[in-house]
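Have a look at the structure below, then the notes.
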Amino acid sequence: MSALAPRRWILHLPALGLFLLFCVGTLLPLWMLAGRALADGDGVFVGLANFARYFRDPGLFQSLWNTVMVSGATAILATMSGFVYAWGITRTAVPGRSALRLLAMTPLFAPTLLYGIALIYLFGNQGLVTTGGFGHLPSFSLPVYGPAGIVLSEWIATFPACVLLLSVGLALSDRRLLEAARSLGAGPWRIFATVTLPAMRWPIVSAFLASFAGAFTDFGAPKVLGGNFRVLSVEIYKQVAGLQNLPMGAAISLLLALPTLLVFLLGRKGRDAREVLDGGAVAAAPHRDVLTKVIFTGSCWGMAAAILAVDLTVVYASFVRTWPYDLSLCLRHYDFSEVAGFGAAPFATSLRMALFTAIFGGALAFVTAWILERTRLVHPLQRLWQFLSLLPLALPGMVIGLAYVFFFNAPRLGTGIVSFPNPFHFLYGGMTVLVAATVWHFFPVALLSCGTALRRLDPATEDAARTLGAPAWRTMLDVALPLGLPALLEASGYLFVNAMITVSALVFLFSPELRPAALSVVDMEDAGDTAAAAAMGCLLLATNLAVLLLRELAVRLWAHRHRDRI
Amino acid sequence: MIASLPAVATAAPPETTLPDREGLSVKGLCHSYGKVPVLEAISLRLAAGEFLSLLGPSGCGKTTLLRLIAGLEPLTTGSVRIDGQEVSQLPAERRGVGMVFQSYALFPNLDVRGNVGYGLRRRRIPRAQAARETEALLERVGLSDFGGRFPSELSGGQQQRVALARALAIAPRLLLLDEPFSALDAKVREETRLWVRSLQRETGVTTVLVTHDQEEAMAVSDRIALLEGGRLVQTGTPDELYRHPATLFVAGFLGTANRFPGIFLPRLDAALEANKDLEAVVRPEDLQLMSPESDGIPVRLCDESFLGPFRRLVVRDTQERMYLCLQASGKPLPVRLGAFASLTARPGSVLRFRDTHLVTA
C-alpha cells in the first residue's frame, strides 16, 4: 500500500470519514459516560466514590441483588423451556413445526411492556385468570406486581432468542455421531448425555446468557410490573429522570453493562469454538416414535398456546369497552386523543423514526459491511472498526441512551485548555439523536446480516466489474447491492421493528414534541389508561407484523425475479 | 460442440513474425503477502499481439502475477507497462485490461446482453452504439440467440464465451485469461482453446493466459513463461522449452522426462563420457529399445500399450528405475514383454544437467 499514488488516497477518504463518524458516535459518548460515573455532580473527579455510595446504600444495593435474581430465574426458565421447544421443532415429528417456529418469534415484534400489560389483564386484580374468567372458573391468583410478574414477562420476551440459538445448535449437531453412538449400543439417555449435550454446550451457554442479559437490562416490563420491587434499570431511570442525579445514574448504568459485556466476550470465545464444527455434519433425523411425539406435541403446542393466549388477551383487552365491567367490543381505545400522553402523535413519531432508522441504519450497515468485507480501504483500521461496530452487543440500551445524553447535551467538548463548543449540541432533543441512538443500539445484527451475505459473493464478480471500468464504489452499486438486496432488506426490517418497540435507549433522549409510541405506552400505563396502553402496544405489534410481511413479499418477489439465477 | 463455435476468419495465415511494438512489459516485480514472498523479481516483455502463457504448478504465484498486471492487487515493487503506457499507479478500472476469470464471474443479475455491454456502459458509450457493438460481439462468439438469457441458463462453455465477449467488448489493450478452460470438460476444453486462440489472432490483442496445464500452454502459446516458487525459471517458445529446458524442473514440467544417472551417459550416446556429477534427461520419443546384444542400458520390457501412431513402452533397469519410451507403431518390438532388451538414445538427443541446470555445449 505504500506505493499508492497520492490521488488513490482520495479513495480512502470517504471510508476514513465513515470510520471517524463511528469513533465520534460511539467512543466519545462512552468516554463521557465513564467520565460522569467517576465525577460528582459538579464534574469534579471523585474516582469510585459513586460506586462506593451505591454499594453502601442498602436500598440501591438491593436493586442489584433483585435484578440478578430475576434475571437468573428468567434465564433458567427460558433456557430450559427453549431447549424443549427447540428440540421439539428440530428433532421430533411434532405436527405444524413451521407454525411453531413462527409463533415462538412473535414476542420479538412487540415492546416488552406489552407483555407486562398482558400479564396485568391475566393475573392482575381484575385479571382474566385471577377472577376465574370473570367468575366462570375457579379463581387463581398470582402476585403479578413484583418479581413473579417481571420474571414471567421477561421469560416470554427472551424465549424467542433462546429458541433461535438452541434450534440452530440442534440443527447443526451431527447425525453421524448420533448414529455411531447408537450402533455402539448407547441408549437414548446415554446418547443425550454423552453426545447431544456436550455438542450443545455453547448454544446452551449463549441462550442462557442472552436471556440473562435481556432480562437484566430490560426497562419496559419492570417499569410496568415492578411496583416496590427495585431493579437496576428502573433505578437508573429514577436517578436520572427523577432525582437528576446524573453521576449515580451513569455509575449504575455501568453496572448494568456488566452481564452484556460478559456475553459479548464469551460470545467471541464461543465463535472460535464453533469454528471447529465439522462442515460435513449431517442434520439429525427427527424422532418418530409415538411417545416422543405425544410428549413434545403437548409441550411445544402448550408453550405456543401460552404465548398466543397472552398475545390474544392483550389484543382482546384493547378492544373491550370497560374491563371488566362492560366486555362489549369497541374501537375507542385506539382513539388516543383523550388519554395521557400526546394522542396519536407518538405513533407518527415512532413510524417516522423507525423509517429513518431502517433507511439510514440499513444503508450504513450495508456500506460498512461492504467496506469491511469487500475492500481494503482503511485496511489497518478494519479490526478496530469491526470491534466498534459489534460493541453495542455489549451495551444495554440505557447505557447507549445515557451516553448520548451526556454527549449531545454537553455545551462544550473536551476539558481544560482543549475545549471547544460542541458542534453536535444543536441536535439534542431532535429526531437525529433518536435515530442515531437506535441505529447504534441495533447496528451489530444488521451489520452481521449484511456481512454474511456479502461474504458469500464470488469476489471475482467484483474484480470483473473493476477490469471492465467500474471504480470500487461502483462495484458496490452494480454487484454487491443487487446481489445483497435480501440481506439489506433483512437488516432494514430488523432495524425498523426494533426502532418501533425500543424503550430503553430512548427513555432519556426524547423531547416532549418527539415522543416515541413505545414510551407513550409507559405514560398511558402510568396514568392508569391501561386499555389505551394495550391498544398502542397492539398497534406497534400490528405495524411490525405488516412491515415484516411486506419485506417477506419483497424478498420473495426478488427471489422469483432471479429464480435460480443466483 | 465445435459446430456451435462460430468460424473465425482463417484466411490470413498466422503471422510468423510479431511486430516489434511492445504489448506488455513487467519489470522487477516483487510481491508478498505479509512476510511471505510470492513473486520475486519478475520481468517479462510481450510484443503487441503476442500470446504468452504463464505456466506453473499451483501456488507458484501465476494468478497473483496476473492480478498485479490487471491492477487487482496493489503493486509494491516493480513496474507494469501496457501498450507502452506506464500503468503501475492506475487502478484496475483505468488500465483497459479485459479479463476472463476461472469462475467466469458473470453478473448473475444481468442477462447475456447486460453482461457483454457492461464495460461499454461504464465507458459511457452512446446507447445505440453500445447495443450495436454488443450484438456484433454476441454474433462473433456465436450467442446471438442467447442475448436475453441469464448466466445460470447457459452451459459452462456458453458462459465462458459470454465472459470472453464481455472482456473483448471494451476493446482491451491486453487480454488476461485466468485458467479459463479448467472448468470445461475435456473435449469442449480442447475445441474452445483452439477457437480462443484463433479469435485472439484475429483481434490481434496481446494476451496472457494463466494455466497449470502444460499441454494447453504448448498448444496455444507463442511463448511460455514458466514459474516455479514465485520465480521465473524460463521464458521461450514451446519448442525451446521442450528441447532446451533450462532446468530439470522445466524438463519435468513440460512433457515427460526420463532421468538417468550420469554414469549411463556413454551407454545412451556413444559420443558422451560418463560423469557422475551430471544427470541425463531423454524424451520418450528419443529413446530406442534395441535387442539385448546391442550396447546400451540393460532393461526389462514391463508394459506395452498401443496409441495408434505410437507404441508406449514401459521399461525398468536392473535397479527397477522406470523409463518411458515412445516408438513408431510400424516398427516391430525387438523383444517380447518381460524379456531383457537394451536402451539407447538417438544421437544428440541427450540433455545433460549439472546441479539441475542444463549444460550447454
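Quick note: the coordinates plus some simple rules give every number you see, no bench work behind them. Because the structure is predicted, anything quoted here is derived from the model rather than measured. Cβ sites come from the backbone with ideal geometry, for glycine too, and all protein chains shown count toward neighbours.
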Which FRET efficiency value, to the nearest 0.05, do you get for A:Arg53 and A:Arg474 by plugging their Cβ-Cβ distance into 1/(1 + (r/R0)^6) with R0 = 56 Å?
0.45
For the pair B:Arg45 and B:Ser349, the simple spin-label estimate (label points 7 Å beyond Cα toward Cβ) gives in nm 3.6
Interatomic Cα distance distribution for region B:60-117, bins of 5 angstrom, percent
4, 16, 23, 21, 15, 12, 7, 2
Testing the spin-label approximation: label points 7 Å from Cα along Cα→Cβ at A:Leu137 and A:Arg288. State their distance in nm.
3.7
Quick one: length gained pulling A:Leu20 to A:Asp526 fully straight, 0.36 nm per residue minus the C-alpha distance?
178.1 nm
When the Karplus curve 6.51 cos²θ - 1.76 cosθ + 1.60 is applied with θ = phi - 60°, which whole-Hz ³J(HN,Hα) does each residue of region B:233-245 get, with x for Gly and Pro?
8, 7, 10, x, 5, x, 4, 4, 5, 6, 8, 10, x
With -39,500 (n - 2.57) per DSSP H segment of 4 or more residues and division by the full residue count of the protein assembly as shown, the 222 nm estimate, nearest 500 deg cm²/dmol, is -16000 deg cm²/dmol
In region B:253-307, the trypsin sites (Lys or Arg not before Pro) that sit in a DSSP loop and have at most 12 other Cβ atoms within 10 Å of their own Cβ are B:Lys276
For region A:322-338 versus region A:52-72, the gap between their alpha-carbon centres in whole angstrom
39
From the gyration tensor of the Cα coordinates in region A:282-388, what semi-axes in whole Å does the equivalent ellipsoid have, largest first, with each one equal to sqrt(5λ)?
42, 35, 9
What lysines does A:Lys223 reach when the alpha-carbon gap must be under 27 Å and sequence neighbours fewer than 8 apart in one chain are set aside?
A:Lys238
Please identify the longest segment of chain A free of exposed GluC sites (Glu not before Pro), where exposed means a DSSP state other than H, G, I, E or B and no more than 16 other Cβ atoms within 10 Å.
A:1-274
Given the Cα-Cα distance of B:Glu320 and B:Leu194 and 0.36 nm per residue of separation, how much length would full extension add, in nm?
41.3 nm
Mind checking region A:365-413 for trypsin sites (Lys or Arg not before Pro) that DSSP puts in a loop (not H, G, I, E or B) and that have at most 16 other Cβ atoms within 10 Å?
A:Arg376
Among DSSP beta bridges whose residues both lie in the protein assembly as shown, state the antiparallel percentage, nearest 5.
75
P(r) of region A:86-223 over all Cα-Cα pairs, 5 Å bins starting at 0, rounded to whole percent, reads 2, 9, 15, 15, 14, 14, 12, 8, 6, 4, 2, 0
Note down the net charge around A:Phe342, summing +1 for each Lys or Arg and -1 for each Asp or Glu among other residues with Cβ under 12 Å from its Cβ.
-2
With the label point 7 Å along the Cα-to-beta-carbon line of A:Leu427 and a cut-off under 15 Å to each amide N, the hits in region A:484-512 are A:509-510
Can you pull the one-decimal nm distance between simple spin-label points at A:Ala171 and B:Ala328, each 7 Å off the Cα toward Cβ?
6.9
Can you give me the orientation-averaged projected area of the convex hull built on the Cα atoms of region B:241-325, in nm²?
6.3
Can you work out the PRE-style zone for B:Arg132? Point 7 Å along Cα to Cβ, and I want the residues of region B:96-122 with backbone N under 17 Å.
B:117, B:120-121
From phi via Karplus (6.51, -1.76, 1.60), per-residue ³J(HN,Hα) for region A:332-339 in Hz, x at Gly/Pro:
5, 6, 8, 9, 8, 6, 9, 10
Centre separation in Å (Cα based) which lies between region B:211-289 and region A:464-518
60
Region A:138-210 -> Rg/Rh from Cα coords, Kirkwood Rh, value 1.21
Fraction of antiparallel bridges per DSSP, chain B only, in percent to nearest 5:
75
Got the relative contact order for chain B handy, in percent, Cα pairs under 8 Å and 6 or more residues apart?
16
Burial ordering of A:Ile204, A:Ile76, fewest other beta-carbon atoms within 10 Å first
A:Ile76, A:Ile204
How big is the protein assembly as shown by the Kirkwood estimate over distinct Cα pairs, in Å?
33.5
Rounded if a/c is under 1.5, else prolate if a/b beats b/c, else oblate: with a ≥ b ≥ c from the C-alpha gyration tensor eigenvalues square-rooted, which is region A:329-421?
oblate
Theoretical gain in end-to-end length, B:Asp185 to B:Leu337 [0.36 nm per residue, Cα-Cα removed]
51.2 nm
Rounded to the nearest 0.05, what FRET efficiency is calculated for A:Ala186 and A:Ala309 with R0 set to 41 Å and r the Cβ-Cβ distance?
0.55
Using R₀ = 41 Å, calculate the FRET efficiency as 1/(1 + (r/R₀)^6) where r is the Cβ-Cβ separation of A:Leu265 and B:Glu139; round to 0.05.
0.10
Run the reach check for B:Lys27 against lysines, Cα to Cα strictly under 20 Å, same-chain hits fewer than 8 apart removed. What comes back?
B:Lys62
So what is the relative contact order for chain A, in percent, with contacts set as C-alpha pairs under 8 Å and at least six apart?
20
Under 19 Å from the B:Thr76 label point (7 Å along Cα→beta-carbon), backbone N, region A:345-377
A:375-377
Neighbour-count ranking for A:Trp155, A:Trp473, B:Trp195, A:Trp301 (other C-beta within 10 angstrom, fewest to most) reads A:Trp473, A:Trp301, B:Trp195, A:Trp155
